[in-house]
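First comes the structure, then the notes that go with it.
The values are calculated or read from the model by the stated rules, or taken from the named source; none is laboratory data. All of these numbers come straight from a predicted model, not from anything done at the bench. No Cβ is skipped: glycine too gets one built from the backbone with ideal geometry, and neighbour counts run over all protein chains shown. Each accessible area value is taken on the protein alone, full model and side chains, heavy atoms only, with ligands, DNA and RNA left out. Shrake-Rupley method; radii C 1.70, N 1.55, O 1.52, S 1.80 Å.
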Amino acid sequence: MTAETPTVRTLRRFLDNEGRLKAWPSKLAYRTLALEWLATHFEPARRYHEREVNELLNGLHAFGDWALLRRALYDHGYLDRERDGSAYWRV
């Protein structure tokens, strides 16, 4: 059994039994923690096609809005992207 990080411990109420986000937190502090947690699933220095980002995010949440998560990761500076959206990478 792996040790639970403080972020996961705090986010536990937002995670389902499979460890996926079951709801998008309404409070900014929890959204920020969720974004930090999501960002850890992207490998540093790796470039992802938009399709790969969507697939990865689909495996990390259960509420059906990968576009919201992708946009939030970009808007809050956790991911950067090519101008045309063809490639993303962790900042």
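Among the conditions (1) in contact with a Phe, Trp or Tyr (Cβ under 7 Å, 6 or more places away or on another chain); (2) touching a residue at least 24 places away in the same chain (Cβ under 8 Å); (3) surrounded by 12 or more Cβ atoms within 10 Å (Cβ to Cβ), the only one that Leu57 does not satisfy is (2).
Results for (1) closer than 21 Å to Tyr30 by Cβ; (2) open to solvent by less than 50 Å² (accessible area, probe 1.4 Å), shown as yes or no for each residue.
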| site | (1), (2) |
| --- | --- |
| Val53 | no, yes |
| Phe63 | yes, no |
| Leu69 | yes, yes |
| Asp75 | yes, no |
| Asp84 | no, no |
| Trp89 | no, no |
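Looking across the range 1-42 at every residue that is more than 21 Å from Arg90 (Cα to Cα) and of a type in the set (Val, Ile, Thr), the one that is least open to solvent (accessible area, probe 1.4 Å) is identified as Thr10. Residues in the range 64-89 that are at pLDDT below 95 and within 28 Å of Asn17 (Cα to Cα): Gly64 only.
State the number of residues belonging to the range 12-42 that are farther than 18 Å from Trp66 by Cβ and touching a residue at least 12 places away in the same chain (Cβ under 8 Å). Number satisfying all stated conditions: 3. For the range 55-91, the set of residues classified as farther than 12 Å from Ala39 by Cα and part of a loop (DSSP other than H, G, I, E, B) consists of Gly59, Ala62, Phe63, Gly64, Asp65, Glu82, Arg83, Asp84, Gly85, Ser86, listed by residue number. Just a yes or no: is a residue in the range 43-59 under 9 Å from the mean Cα position of the chain (by Cα) and not β-branched (Val, Ile, Thr)? Yes, that holds for at least one residue. Mind listing just one residue for me: the one in the range 43-54 that is in a strand (DSSP E or B) and touching a residue at least 40 places away in the same chain (Cβ under 8 Å) and, of those, nearest to Val8 (Cα to Cα)? Residue satisfying both the conditions and the ranking: Pro44.
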